[in-house]
Amino acid sequence: MSYDTNGLQDVFLRDDKLRTTLKVDAAAGEYGITVALRAHLTIGSTALANQPINFTLDGNAVGTKNTDATGLASLSYTIPLSLSVGTHTIQATFTPYTTYDASIGTNTLTVSKRKTKLTTTSITGAVGETVTLTGTLRTVTGNLPLPNKTVSFAIDGAPTVTATTNSSGSPASLSRYRPCPPARGR
């Protein structure tokens, strides 16, 4: 210890906290797919087990997972339909209450366009008769319904009719009058 000219004691504090590193893996997927948000916590080359890692996506909290024996925290995350196509920032944060330093890691979640399938029912009808068109719009991966999407139908190349899908991915039923073919001259 030392004293300054006013007789006050100088106290020196040492920060003995262990420096941690948090590395986040990149992730990718389509809407409705569950991906793993993964972060690896280490002190040097040694894994740090049983520690809480907080995950955010574009600044919004998505969950917390503890690290396993290998220092890995893996959080299952289902990409919502509301998330836009493109890259989003994954951030993992370690905020210890012990002798470890806090650490933050970032990487990206890349959301791609979803592949879709439209399943329609077969219909038959006579010329001049009204027919009802039905179908269901879903994702190829996960078979999830796609609500509030416009579906277009054409009958024998006639002008397209459209409907908006409901919460189960089915468009409102469409009734379409099937006109008579034009008369042919002799």
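Bear in mind these aren't lab numbers, they're just calculated from the coordinates by the rules spelled out. A quick note: this is a predicted structure, and the numbers were derived from the prediction, not measured. Heads up, the Cβs are rebuilt from the backbone with ideal geometry, glycines too, and the neighbour counts pull from every protein chain shown.
Each Lys or Arg adds one and each Asp or Glu subtracts one; over the other residues with Cβ under 14 Å from the Cβ of residue 113, this totals +3.
The residues neighbouring residue 30, those whose beta-carbon lies less than 12 Å from its own, together hold a net charge of +3 under the Lys/Arg +1, Asp/Glu -1 convention.
Spelling out what I want: for every residue of segment 97-114, take phi, set θ = phi - 60°, compute 6.51 cos²θ - 1.76 cosθ + 1.60 (Karplus), and round to whole Hz; glycine and proline get x. Taking θ as phi minus 60°, the curve returns 10, 10, 8, 9, 6, 6, 8, 9, x, 9, 6, 10, 10, 9, 9, 10, 4, 7 Hz for segment 97-114.
Going Cα to Cα from residue 149, which lysines come in below 27 Å? Please leave out same-chain ones fewer than 8 positions away. Qualifying lysines at Cα under 27 Å: 113, 115, 117. The residue 76 and residue 43 beta-carbon pair, evaluated with R₀ = 22 Å, returns a calculated FRET efficiency of approximately 0.25. What the pair-distance distribution of segment 15-112 shows, using all Cα-Cα distances binned every 5 Å from zero, is 3, 15, 25, 23, 14, 10, 6, 3, 1, 0 percent. In order along segment 62-75, the Karplus-derived 3J(HN,Hα) couplings, from 6.51 cos²θ - 1.76 cosθ + 1.60 at θ = phi - 60°, round to 10, x, 10, 9, 7, 6, 8, 4, 8, x, 8, 10, 10, 10 Hz, and Gly and Pro are given as x.
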